[in-house]
Amino acid sequence: MPNAATQPLFEEAKRLGIGFHLGYAELAWQDGVKHRFNTAIIVDKAGEIVGKFRKIHIPGHHEVLDRPGQHLEKKYFEVGDLGFPVYQAFGATCGMAICNDRRWPETWRVMGLQGVDLVFCGYNTPVGLGDPYDLDALTLFHNQLSFQAGCYQNATWAVGVAKAGCEEGFNMIGQSMIVAPSGEVVAMCNTIEDELIVHNCDFTRSREYKRDIFNFANHRRPEHYGLIVERTGAEEPDA
């Protein structure tokens, strides 16, 4: 990045003095080994890349299943190897997540522990692939819930940008939104067409939460959180 396809985007953003966040499929050679990552970057107002993130929480399956639609992200992409870094851009400390990452509280907390002010997250969420109807029916609620909880519990803004419409016969949920550190949705698309939402994000709004209820230095108790990093799957306690 940038390549021939995206160079015009970089040039136009630089001309207008507008930064952006962009997701793409990355082919990376590391020590002579080919890797494929689901990747996103932050580009500043000067058209310079200032941050990169590789998706951590890869959902879906490795093989084709007997179901109406396939979710084969595990087949094509590896787990990201950069962690959840934050970067200085737009007068704020910025981080990134991609799609399924937004559902995991660890995503937000690792960036919260780095003082994140603004999280960018692109997502491409379909319904109808074969999940039970009651899960599909709650997809929009779960999407909003994930953003709101992550923002409130880590005193950060978030900009969630969705693919919308219909792709390969399956509907995408849309619901792009901007969420405040209070957990309030301050702007949201209300159609599944191309749409622009804007909000003046005051980064000082997070200070009250970071000083009080989510003052991590005063209130966190990491000595009691060991299971979070010691165990992957849930286990029943011994009898």
* GluC sites (Glu not before Pro) restricted to DSSP loop in the stretch 182-239 with at most 15 other C-beta within 10 Å -> 184, 193, 195, 235
* **For the stretch 88-103, Karplus couplings with θ = phi - 60° (6.51, -1.76, 1.60), whole Hz, Gly/Pro x** => 8, 7, 6, x, 8, 8, 10, x, 9, 9, 10, 6, 4, 4, 5, 7
* Structure fact -> Which residues qualify? For residue 96, with a placed amide H closer than 5 Å and at least 5 residues away or on another chain, they are 120
* Structure fact -> Any DSSP H helix in the chain with Cα axial reach of 20 Å or more and mean Kyte-Doolittle score of at least -0.5? Listed by number, the hits are 139-154
* **Equivalent ellipsoid, the stretch 113-239 (semi-axes from 5 times Cα gyration tensor eigenvalues, Å)** => 30, 24, 10
* Report, by chain and number, residues whose modeled amide H sits under 5 Å from the one on residue 50, excluding near sequence neighbours (fewer than 5 apart, same chain). => 42, 43, 44
* Asked: Given H placed 1.01 Å from N in the peptide plane, which residues other than close sequence neighbours of residue 57 have an amide H under 5 Å from its amide H?
  -> 101
* Where both partners of a DSSP beta bridge lie in the chain, what percent of those bridges are antiparallel, to the nearest 5? -> 75 percent
* Which whole-Hz couplings ³J(HN,Hα) result when phi for each residue of the stretch 35-49 is put into the Karplus expression 6.51 cos²θ - 1.76 cosθ + 1.60, θ = phi - 60°, listed in order with x for Gly and Pro? -> 10, 10, 10, 8, 10, 9, 10, 10, 10, 7, 5, 8, x, 9, 6
* To one decimal place, what Kirkwood hydrodynamic radius in Å is obtained for the chain from all pairs of distinct Cα atoms? -> 19.3 Å
* Structure fact -> Most exposed first, judged by fewest Cβ atoms within 10 angstrom, 209, 24, 225 run 225, 24, 209
* Asked: Given charges of +1 on the Cβ of Lys and Arg and -1 on the Cβ of Asp and Glu, with all other atoms neutral, how large is the dipole of the chain about its Cα centre, in debye to the nearest 20?
  -> 700 debye
* Asked: Got a sec? How would 67, 231 order by Cβ neighbour count within 10 Å, fewest to most?
  -> 231, 67
* Hey, what number do you get for the chain at 222 nm if only DSSP H runs of n ≥ 4 count, each worth -39500 (n - 2.57), divided across all residues, to the nearest 500? -> -6000 deg cm²/dmol
* Asked: Can you pull the semi-axes for the stretch 68-114, root of five times each eigenvalue of the Cα gyration tensor, sorted largest first, whole Å?
  -> 26, 11, 11
* Step through the residues of the stretch 52-63 one at a time and calculate ³J(HN,Hα) from phi using the Karplus curve (6.51 cos²θ - 1.76 cosθ + 1.60, θ = phi - 60°), rounding each to whole Hz and writing x for Gly and Pro. => 9, 9, 10, 3, 9, 8, 8, x, x, 9, 7, 10
* Write out the GluC sites (Glu not before Pro) in the stretch 56-122 meeting two conditions: DSSP loop, and at most 12 other Cβ atoms within 10 Å of their Cβ. => 63
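Only the coordinates and a few stated rules stand behind these numbers; no lab work does. This is a predicted model, so every value here is computed, not measured. So basically every Cβ, Gly included, is an ideal-geometry build from the backbone, and we count neighbours across all protein chains shown.
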